[in-house]
Structure formats: structure tokens, C-alpha cells
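Participant: Here it is, the structure in full.
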Amino acid sequence: MKKENREGRDFLKKCIMALTAVLCTLMMTLTSMPAASAHHKNEPKVEKIVYIPHDNRPISDKQTADVVKKLGYEVVVPPDNMLGSRSDLGHPDELWDWLKKNAQDADAAVISSDSMLYGSLVGSRKHEYTKKQVLDRVDKFQTFRKEFPKMQLYVFGSIMRTPRSGEASGHEEPGYYRNYGADIFRYTELKDKQEMEGLTRREKKEYDFLQRLIPKASLSDWMGRREKNFAANEKMIQLTRKNTFNYFVLGRDDNAPYSQTHLESRHLAAEGQDLGKTRFQAMAGIDEVGMLMLTRAVNDIRRDVPFVYVRYNWGKGEFTVPSYSDEKIGNSIAAAVTAAGGMMVKSPEKADLVLTVNTNPNGKTYEANDRDNDGTPREGTKYFADIVSDYVSKGYPVGIADIAYANGSDNALMDELRDRGLLFKIRAYAGWNTPTNSTGFVIGEGMLAKYMKDDAVDDLLLTRYLDDWAYQANVRNTIARQLTWLRGDGVYGSLDTKTAAVATRSERMLTRFVEDNLPPIDSLANIEVRFPWNRMFESDIIHTAAKEEVNYFPKE
């Protein structure tokens, strides 16, 4: 990078940081909330951050916390048995007690409101709490702020999702959704469209038919749950207006351009419009928002505003509306950068993170388990790899949001990166679950990577390669087709007595994948695979060295 570019970037950052510091001081003075003490950017004291995720899945919980721990921060997370899981909706009252105990000497807290109100993200969809119980728990946030007025408090919640079908819900909705999920989705799709632009005569007939088709008790229950969630989120926005939170985010996942989730998001965004995006956002995605809020907490502690430059593959690029989302990916990325405390810039020379986004030229998002995801280069594959290679060769800090496929990596792209020796020359990568999950996560991890040593960056890259590339895009799909061959009783969504056989086969396949695709890394000598949610959708991959672990990541 040229000297004058670095100097220009540093001067601009100093100006923005100075302005940010003035605004923060003014805001804290007006609200009688003393600002957290500032520390030298390169020599921060060991800060303690309390983190309460929305469940105990590895990606929500330890993988997110590990990113910030790589910076040397103390990140304190509740024990697994207190967080929600697939079979346990969580323990909100216990979490409140745990929070007060662990907040005593913390510098910041990043908290899932779903965990504190319902027990977990799944709990927000399946709980049996009354509206009064939920709203009373909302009031606890205000009490907590009064008890800890100096703490930096970042809260993220969810707008209830609207899966397209019972199968797509993964049994994480009430039982009736398995039978009527597709009908409920279509009903709310028409309901949203009717409010936004009106329905055709045929659509009006379909809307009336669906109201008669879906059992009234089921529809009433589902809409009643949503009404509680909406009321709680509305009250959380009002608390944000009262300066209870430093930042509040509402995420929406498993969504569509027309749906009940989209409808509610429009109304909630309007409710908080006066707050501005520097204090509140309603944005696409949810599983990655914990990462974004932890990143914002670190950036605020360091008084830093990272610059992000975004480059898409050729074709529709930023105008792609990816699967599981209701908006253009360019809008989602801009929202995520703002939520994480960063700023978009128009030149890679000035950027702390050069985010490259692997979209398909035709603007479509495919599924990683498609047979076409076999590693054969597609239109745009080599072009995108050339972009990454060019930026790396210029010394830019490159991150890759791999969203050509949902729920796993693009094998053709990963093969290109491997063959070009780029896997451990970039600074961040994500290709898991929904496209917005990947873009949000890599933005957070990529912003924080500049504070890390190379070994720490490589370790985080390895986590993503094992999970997103090896397991999600390859091993999981192969074993899913072989499940009937394995001993025991179980299916993809409930492994049950097949768990041990699936784990053994996954470990063998991952070991073979590592030998074929990754450099000889000592910590990959032993690979163990666990399935904490009793299903194949997510796994917990643990890898250790054969002897005393050595942090060895050879550069290609």
C-alpha cells in the first residue's frame, strides 16, 4: 500500500474518531451516563465483556465469543445448560440472576433479548409465557441500566421468522406448523402484499380461502405469539429512546420480500426511525448479530471506526436478493457495517477491511447441497478468484463473504483459493447458513482481524474452513445421502441412536478432506465431531494436535 494512501486513510480516521469522541461525550453528558474510559488504541487494558447469546449452538455461542477472545479480551458466557438448546427453551430468570452477578466488573455487555425474555431464539417461537410476563422482563432492562449506569450495553433481538414450510422450519415452530406452515407463509405473504400494494382479484380469493383452510386455533395461536413478540420489540425500541441501550438491533431471519416478518419489520423500523441507524436498526439476519454487536463493543472501547470497502463479483452483485432475505444484499451489508460501528468507503486503499462478496452473476442463490456444487468452475468463479488474488497481492486486508450458495461454501471457489495458495493469505472468511449470516459474520471478524496476530487469524480461518467448507458443503451432504446405511434409528433432523455412527463417519471424511485440501497443520491431527442439537444441520468440530500443540500455519 502506498505511503500517501496510508497517510490519507489515517488522517481521515483521526478526524472521524475525534468527531465520534466529541459526539459520544456530548451524548453521555446529556443522558447522565458517563462514558467508558478510553485507552490507547494499540495498548488496551484487558477488558471484560459479558456475552449472552440467543442459544448454545457453536456458531451463536463459542465460535462468536472466540473471535473476541483472540484479541485478549475476557468474554464471559453463561454455562451451556443455562442457555437455550433444541430440547430446552432456556431459563430467562436464571439468566437475569447470572447477568447481574457477572456484570459487576464488566466493561460492556452484549445481550440477546430473546434469551432474557423467552429463554432463547427457539423459545421466542415456542414459549408459553403470557404477554405480561414478557413485558415485565422487558422492564428489567431499564432496572439493569439504573444498576449499571456506566456499562456499555448492546442488545439484539429477533422479529419472529416466517419459514416457507413446515419442513423449512426444522421443527422449531409449534407442532401445527409442520402441517400448515406453507399455508401460513402464503397467507402472510398475501397479507403483507395487500398492505403494501394491494391484491389482484385472484389473490383476494386465495387469501380468503387460506383463512378458511388454516385451523382458526392454529392461526390464532401463531399470530398471538407474534403479537407478544411485536409488543416486546416495540417496548425495547422505546427503552432505546430513553437511552437504556447504547445500541439495539432487531434481526429478521428466514424471511422473504413479502411475509409476516417483513410486515412487522416495516412497522418496527418506522417506530424507531427517529433514533437513527447509529442507535437502532431493524436488519436482515439474526444468527450473525451477536458477532456484529461484540464487534461494535470492541470498536467503541477502542474508539475506532473501521473503514470497509466492498467489492462484488460481476453481474447483479449488490442488487442480488439472496435466499432467506427480503432485501438486496448491498443494503444488508451496509446495515451490518453500521451496526458493527464501521463506515463504508469507496476505495480499497483507505480500507481496514476489503470485503469481497462471492455472488452469482445471475443474482440467484443456490443451496450448498445441490449436486452442481461439485467444484466445477461456474460463470464468475475464476473472475472472483482473480479479484481476491489481486487484492491480496497488493497487501490489502481481504475478507470473503461466500454467498453464491446458502448453507455452505462454494466448492469451485474454495478449490480456486486452495490451488492459488490464498486460503491463509486472506484475513476473514464465512460461508455458513444464510447469505446474511455469512456477510454479517465476516464483517465483524474481518474488522477485528486487524488487531490480531497472524496465528490467531489463521486459527479463525481454519474454524470456518472445517465448518463451512469441509462439513457443511461436503461431508454433511454426503452422509445425509448415506444415513439409511448406518446402524441405529434416526434421521437427518433427529439423529438419536445413529449419532455415534454419523460422528465416526464424519470424523473419517473430515480427516480425508483435510489431507486433500489443507496444509499440514499440527492441530488437525485429531478431529472429533459432535452434534449438540441432535441433528446434522450444525456440528461442533474439535481438533487437537497429536502432541503438544504447535501454532503452525505455513504460508503457501
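Participant: With N set to the number of residues, divide the alpha-carbon radius of gyration of the stretch 342-388 by 2.2 N^0.38 Å and report two decimals.
Facilitator: On the way: Rg = 14.0 Å, N = 47, 2.2 N^0.38 = 9.5 Å.
Taking the Cα Rg and dividing by 2.2 N^0.38 Å, one obtains 1.47.
Participant: Leaving out ligands and nucleic acids, note down the accessible area per residue over the stretch 218-261 with a 1.4 angstrom probe, in whole Å².
Facilitator: Per-residue accessible area for the stretch 218-261 comes out at 26 Å².
Participant: Would you kindly give the portion of the calculated P(r) for the stretch 415-556 that falls above 21 Å, as a percent of all Cα pairs?
Facilitator: 47
Participant: Over the stretch 86-193, what percent of the accessible surface lies on carbon and sulfur atoms, probe 1.4 Å?
Facilitator: 45
Participant: What is the packing order of peptides 426-436, 220-230, taking the mean over residues of other C-beta atoms within 10 Å and listing the highest first? Intermediate values should be presented prior to the final figure.
Facilitator: Working: 426-436: 27.3, 220-230: 17.2.
Ranked by mean Cβ neighbours within 10 Å, highest first: 426-436, 220-230.
Participant: Using r as the Cβ-Cβ distance of D66 and T143, and R0 as 35 Å, what FRET efficiency do you calculate, to the nearest 0.05?
Facilitator: For D66 and T143, the calculated efficiency is 0.65.
Participant: Given a Förster distance of 45 Å, report the FRET efficiency between K453 and N81 from their Cβ-Cβ distance, rounded to the nearest 0.05.
Facilitator: Once rounded, the FRET efficiency stands at 0.85.
Participant: Let me ask something additional. Return the sequence-ordered ³J(HN,Hα) values of the stretch 526-537 in whole Hz as given by the Karplus equation 6.51 cos²θ - 1.76 cosθ + 1.60 applied to θ = phi - 60°, using x for Gly and Pro.
Facilitator: Working through the residues one at a time gives 10, 10, 10, 10, 10, 10, x, 10, 6, 8, 7, 4 Hz.
Participant: Using alpha-carbon pairs under 8 Å, 6+ residues apart, how would you state the relative contact order of the chain in percent?
Facilitator: 11 percent.
Participant: Checking a compactness column here: for the chain, what do you get for Rg(Cα) / (2.2 N^0.38 Å), N being the number of residues?
Facilitator: That works out to 0.95 for the chain.
Participant: If you count, for each residue, the other Cβ atoms within 10 Å and average over each peptide, how do 461-467, 442-448 line up from highest to lowest?
Facilitator: Order by mean packing, descending: 442-448, 461-467.
Participant: In the full protein assembly as shown, how much of D253 is accessible to a 1.4 Å probe, in Å² to the nearest 10?
Facilitator: Looks like 20 Å² after rounding.
Participant: Moving to a separate point now. What is the Cα centroid distance between the stretch 224-286 and the stretch 298-370, reported in whole angstrom?
Facilitator: Each part reduced to its Cα centre gives a spacing of 21 Å.
Participant: What does the accessible area per residue of the stretch 86-148 come to in Å², with a 1.4 Å probe and no ligands, DNA or RNA counted?
Facilitator: Spelled out: the 1.4 Å probe surface of the stretch 86-148, per residue, equals 41 Å².
Participant: Would you list the membrane-span-like helices of the chain, meaning whole DSSP H runs whose alpha-carbon atoms span at least 20 Å along their axis and whose mean Kyte-Doolittle value is at least 0.0?
Facilitator: On the way: long enough: 3-30 (40 Å, 0.27); 131-147 (25 Å, -1.47); 177-196 (28 Å, -1.40); 216-241 (37 Å, -0.99); 435-449 (21 Å, 0.47); 499-517 (26 Å, -0.43).
Those that clear 20 Å and a mean of 0.0 are 3-30, 435-449.
Participant: Continuing with the same structure: Report Rg (one decimal) and Dmax (nearest whole number) for the stretch 333-466, counting Cα atoms only, units Å.
Facilitator: Final numbers for Rg and Dmax: 13.9, 40 Å.
Participant: Please list, by residue number, everything in the stretch 56-74 whose backbone N is under 19 Å from a paramagnetic label point 7 Å out along Cα→Cβ of N534.
Facilitator: Residues 56-58 qualify, since their backbone N sits under 19 Å from the label point.
Participant: Once both labels are modelled 7 Å past Cα along the beta-carbon direction, what's the W485-D97 spacing in nm?
Facilitator: If labels sit at W485 and D97, their model points lie 5.0 nm apart.
Participant: If we restrict to alpha carbons, what Rg and Dmax does the stretch 138-189 come to, in Å?
Facilitator: 17.9, 49
Participant: Taking every pair of alpha-carbon atoms in the stretch 361-408, what share in percent sits in each 10 Å bin, from 0 to the bin with the longest distance?
Facilitator: Reading upward from the zero bin: 22, 49, 25, 4.
Participant: OK, next. Taking 30 Å as R0, compute the FRET efficiency from the Cβ-Cβ separation of E367 and E318 and round it to 0.05.
Facilitator: Efficiency computed from Cβ-Cβ geometry: 0.85.
Participant: Per the 1.4 Å probe, what fraction of the accessible area of the stretch 335-434, in percent, lies on carbon and sulfur atoms?
Facilitator: Here it works out to 45 percent.
Participant: Give me the extension gain from Y492 to K132: residue separation times 0.36 nm, minus the current Cα-Cα distance, reported in nm with one decimal.
Facilitator: Working: separation 360, 0.36 × 360 = 129.60 nm, distance 3.77 nm.
Answer, rounded to one decimal: 125.8 nm.
Participant: Here's something else I'd like to know. For a protection proxy built on the mean count of beta-carbon atoms within 10 angstrom, sort 518-525, 149-156 highest first, please.
Facilitator: 149-156, 518-525
The values are calculated or read from the model by the stated rules, or taken from the named source; none is laboratory data. Remember, it's a predicted structure, so these values are computed and weren't measured experimentally. Here the Cβ is made from the backbone with ideal geometry for all residues, glycine too, and neighbour counts use every protein chain on show. Keep in mind that these areas ignore ligands, DNA and RNA; they rest on the heavy atoms of the full protein, side chains included. Shrake-Rupley method; radii C 1.70, N 1.55, O 1.52, S 1.80 Å.
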